[in-house]
1. Once you have a ≥ b ≥ c as the square roots of the Cα gyration tensor eigenvalues for the range 167-214, tell me rounded if a/c is under 1.5, and otherwise prolate or oblate according to whether a/b is larger than b/c.
2. I need 163, 96 ordered by Cβ neighbour count within 10 Å, fewest first.
3. Give me 128, 168 sorted ascending by neighbouring Cβ count inside 10 Å, so fewest comes first.
4. Here is the link list: 85/163; 84/211; 85/110; 82/163; 84/107; 169/211. Which ones come out longer than 28 Å on Cα distance?
5. Using unit Cβ charges (K, R positive; D, E negative) and no other charged atoms, how large, in debye to the nearest 20, is the dipole of the range 78-148 about its Cα centre?
6. What shape does the range 78-148 take by its C-alpha gyration tensor, where a ≥ b ≥ c are the square roots of the eigenvalues and a/c under 1.5 counts as rounded, a/b above b/c as prolate, and the rest as oblate?
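Computed from the coordinates by the stated procedures, all read-outs in this text should not be read as laboratory data. Just so you know, these numbers come straight off a predicted model, no measurement behind them. All Cβ positions, even for glycine, are placed from backbone atoms using ideal geometry, and neighbour counts span all protein chains on display.
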Amino acid sequence: MKKLDLVLTLEAALLAAVVVLFILFFKGNKGGSSARHIDETDTVGITSVNAVADGTIVYINTDSLFQNYQMAIDLSEELAEKTKKLDAELSNRQKKFQANVTDFQNKAQKGLETRAKLAEMEQQLAVDRDNLLQLNDTYRMQIAEEQAVMQRKVLQALMDYLKEYNHDKGYQFIMGRAFGDNLLFASPGLDVTMSVLEGINARYKVENPPKTAK
């Protein structure tokens, strides 16, 4: 499983918030401040506009973050290794099945077995083929499930860290941004990617010290 797949899926989860931001912002700014009445209950519009004005909205470049977040890298490598092993096992079973098919065809063409025996062999090959297809589906679902769990782990770790990170920052929004998303422009001064990446990697390193060789 390539790391890029993980990056793209995680970006999709974070970038969904961008749409919410635009809705809130334009709701707060619709028609201009002089032409729009804002009563005491219209706190969403006020919060959104003030957040932009005060610089309390920042963003993370999710491309860079997930490509350099050590937890995402480690989990991607683990999943790639599992996928490699399952692929190898499936490949071996496929080769064995193909060898049995070739043997059956050879014996059938040369008349080396009775019709009853050939019918028995053919029936067994059909069973083996169905089992192989089922095994392929099982492995695909297993990898997909493990990938989904991995993605949730990485995303949850990021959200947990951002709560800690934002404790003293006081940002109202921490957005995710990637190439081609809905956030068409953002000031480089609002980019906190490196700050978050440095902190989250440091935290991960403390919680997951390198294993010493025995």
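1. Verdict is prolate for the range 167-214.
2. Ordered from fewest to most neighbouring Cβ atoms within 10 Å, 163, 96 come out as 163, 96.
3. The most exposed by this proxy come first: 168, 128.
4. Pairs exceeding 28 Å: 85/163; 85/110; 82/163; 84/107; 169/211.
5. Here the range 78-148 has a charge dipole of around 420 debye.
6. Prolate, since a/c reaches 1.5 and a/b exceeds b/c.
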